[in-house]
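These notes concern the structure reproduced below.
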Amino acid sequence: MTPSSSGIGPVTGLPTLSGISRDFLNEEIFRRALYLEGKRAERSQGVFLLLLLDVNRILTSAEGRRALDKALSVLSRSIRETDIVGWYEKGRTFGILFTEVPSSARDSIVGTMRRRVSGALYSSLTFDQFSQISISHYLFPEQWELDVPQRPSHPALYPDVSTQDRGGTFFVIAKRTMDIMGSALGLVIASPLFLLIVLAIKCTSRGPALFRQMRVGQYGAPFLFLKFRSMKVDNDPSVHREYVKNLIGGGAGRNTSNGDGQTVYKLTRDPRVTRLGVFLRKTSLDELPQLYNVLKGEMSLVGPRPAIPYEVEAYELWHRRRVLEAKPGITGLWQVKGRSHIGFDEMVRLDVRYAMARSLWLDVKILLNTPRAVIFAKGAY
């Protein structure tokens, strides 16, 4: 098999299926191939299928290992040379990456490949051995149905994200600890301010003080997002929906709200916003209830802003990276770099840049710069 036929660029010398330990791509190279295939599909709008075989139970005995070796050799003769095989998780999960799937075959490819793989395994294993292997499938790009209460994306397709190698275990634990301590302390300190804002909202407009909305968390998982209400009740969301669609597509017009000539990528002078809401938005006080989202683990103190489902529906494939790469946050690079003075594509690049360089020190720097961004209200509307 030639490197060009494999379709994974710098990874060369792909082996054939003939042995469990010596002939398959190791975990690092297979995951790298999966990562590159995902990047290629994002650019070309292509389709690929990942099948994962959990073989942990059958590998517990020498007889099982010999039987699996034979079965995978048979399997090798039922797939194309351009497909990629190897360990997704060393000694536990075996992966088969079916590349360059025709778009017309999207609806049928999963059933076809599962039957082919299951048939090859079943022909070489006893019933008990076959029952020890479980097969899962993941089709890229995924069809995100954000109106259903389940995660529409799966980390298996994004090994560079799901392993969290960039930050490591220490970073994950330390960041969550900082989120818990910071949000809990913030809720206690700000509790008198919470009461004043609630009273001000109730006295100036009818409706609840809190605004609740479904937002999109990491991997597309929906959660109930909290803000202080800054708009009139029963407003028409179609205005914002249409603007967001144009903004993401690059068609949003130039808006100026204060005569400074700067481009503003946000609806300004929105008639749906109350007079108190203008102040709450300008000072970012409307964001304070999100400390509760952070405490629950749905958000982080620092991360990309959580998207509205209809925003995600308008995303290009590469835009989804801002949802996948990191847990959404109250503040982030976008907020301290200019907020609404930054176009959508640049915002996505800032979110991905944060995820690529994530560290506790970066989080601390963003948190320290946030008050200055709030005080000067740069890009806040």
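The values are calculated or read from the model by the stated rules, or taken from the named source; none is laboratory data. Just so it is clear, the structure is predicted and the values come from calculations on it, not from any experiment. Cβ: placed from backbone, ideal geometry, glycine included. Neighbour counts: every protein chain shown.
For the subset of the stretch 337-381 comprising residues that are of a type in the set (Val, Ile, Thr) and modelled with pLDDT under 85, which member is farthest from the chain's Cα centre (by Cα)?
Restricting to residues being of a type in the set (Val, Ile, Thr) and modelled with pLDDT under 85, the top hit is Ile375.
Select from the stretch 112-138 the residues that are surrounded by fewer than 19 Cβ atoms within 10 Å (Cβ to Cβ) and not hydroxyl-bearing (Ser, Thr, Tyr) and list them in ascending order.
Of everything in the stretch 112-138, those that are surrounded by fewer than 19 Cβ atoms within 10 Å (Cβ to Cβ) and not hydroxyl-bearing (Ser, Thr, Tyr) turn out to be Arg114, Arg115, Arg116, Gly119, Phe127, Asp128, Phe130, Ile135, His137.
Residues in the stretch 123-130: is at least one touching a strand residue (DSSP E or B) at 6+ places or on another chain (Cβ under 9 Å) and either more than 24 Å from Asn26 (Cα to Cα) or in the same structural domain as Glu28 (by TED's automatic domain parsing) (or both)?
Checked against the condition, which is being touching a strand residue (DSSP E or B) at 6+ places or on another chain (Cβ under 9 Å) and either more than 24 Å from Asn26 (Cα to Cα) or in the same structural domain as Glu28 (by TED's automatic domain parsing) (or both), the stretch 123-130 yields no hits at all.
I'd like to verify a number: residues in the stretch 21-64 that are among the charged types (D, E, K, R), in contact with a helix residue (DSSP H, G or I) (Cβ under 6 Å, 6 or more places away or on another chain) and farther than 17 Å from Val85 by Cα, how many?
Going through the stretch 21-64 one residue at a time, the tally reaches 1.
Filter the stretch 75-112 for residues that are farther than 23 Å from Ile29 by Cα and not polar (S, T, N, Q) and give the result.
If the condition is that a residue be farther than 23 Å from Ile29 by Cα and not polar (S, T, N, Q), then Pro102, Ala105, Arg106, Asp107, Ile109, Val110, Gly111 are the ones that fit.
Residues in the stretch 56-65: is at least one in the same structural domain as Glu37 (by TED's automatic domain parsing), touching a residue at least 60 places away in the same chain (Cβ under 8 Å), farther than 17 Å from Ile29 by Cα and in a loop (DSSP other than H, G, I, E, B)?
Within the stretch 56-65 (the criterion being in the same structural domain as Glu37 (by TED's automatic domain parsing), touching a residue at least 60 places away in the same chain (Cβ under 8 Å), farther than 17 Å from Ile29 by Cα and in a loop (DSSP other than H, G, I, E, B)), the answer is yes, since at least one residue qualifies.
Can you tell me which of Gly297, Gly277, Gly343 is surrounded by fewer than 23 Cβ atoms within 10 Å (Cβ to Cβ) and at positive phi?
Just one listed residue meets the conditions, Gly297.
For every residue, the table says whether it meets (1) closer than 30 Å to Phe140 by Cα; (2) touching a residue at least 60 places away in the same chain (Cβ under 8 Å).
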{"site": "Pro208", "(1), (2)": "no, no"}
{"site": "Pro222", "(1), (2)": "yes, yes"}
{"site": "Tyr243", "(1), (2)": "yes, no"}
{"site": "Ile248", "(1), (2)": "yes, yes"}
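Would you mention how many residues in the stretch 346-360 are touching a Gly at 6+ places or on another chain (Cβ under 6 Å) and surrounded by fewer than 17 Cβ atoms within 10 Å (Cβ to Cβ)?
Number satisfying all stated conditions: 0.
Of a type in the set (S, T, N, Q), under 30 Å from Pro222 (Cβ atoms) and outside any strand (DSSP E or B): which single residue out of Ser104, Ser78, Ser108 fits that description?
Ser108
Right, Ala62: surrounded by 15 or more Cβ atoms within 10 Å (Cβ to Cβ) and on the phi < 0 side of the Ramachandran plot or not?
Considered against the rule, which asks whether it is surrounded by 15 or more Cβ atoms within 10 Å (Cβ to Cβ) and on the phi < 0 side of the Ramachandran plot, Ala62 comes out as no.
For the stretch 325-340, enumerate the residues that are surrounded by 19 or more Cβ atoms within 10 Å (Cβ to Cβ) and part of a helix (DSSP H, G or I).
Correct list: Leu333, Trp334, Gln335, Val336, Arg339, Ser340.
Out of the residues in the stretch 81-91 that are part of a loop (DSSP other than H, G, I, E, B) and in contact (Cβ under 8 Å) with a residue 60 or more places away in the chain, which is surrounded by the most Cβ atoms within 10 Å (Cβ to Cβ)?
Across the stretch 81-91, the extreme among qualifying residues is Thr82.
Which residues, taken from the stretch 169-206, are hydroxyl-bearing (Ser, Thr, Tyr) and modelled with pLDDT under 90?
Passing the criteria: only Thr169.
Yes or no: the stretch 284-296 includes at least one residue that is under 30 Å from Gln45 (Cβ atoms) and assigned to a loop (DSSP other than H, G, I, E, B).
No, the stretch 284-296 has no match at all.
Using the structure shown, decide if Gly91 is within 23 Å of Tyr138 (Cα to Cα) and either among the small types (Gly, Ala, Ser) or modelled with pLDDT of 90 or more (or both).
Criteria met by Gly91.
Filter the stretch 112-168 down to the residues that are assigned to a loop (DSSP other than H, G, I, E, B) and acidic (Asp, Glu), then identify the one that is modelled with the lowest pLDDT.
Among those that are assigned to a loop (DSSP other than H, G, I, E, B) and acidic (Asp, Glu), it is Asp165.
Those residues that are in contact with a strand residue (DSSP E or B) (Cβ under 9 Å, 6 or more places away or on another chain) and among the hydrophobic types (A, V, I, L, M, F, W, C), I need them from the stretch 181-199; list them, please.
Phe194, Ile197, Val198 - these are the residues of the stretch 181-199 that are in contact with a strand residue (DSSP E or B) (Cβ under 9 Å, 6 or more places away or on another chain) and among the hydrophobic types (A, V, I, L, M, F, W, C).
Out of (1) farther than 20 Å from Glu287 by Cβ; (2) in contact with a strand residue (DSSP E or B) (Cβ under 8 Å, 6 or more places away or on another chain); (3) not hydrophobic (A, V, I, L, M, F, W, C), what's the single condition that is false for Gly329?
The single condition Gly329 does not satisfy is (1).
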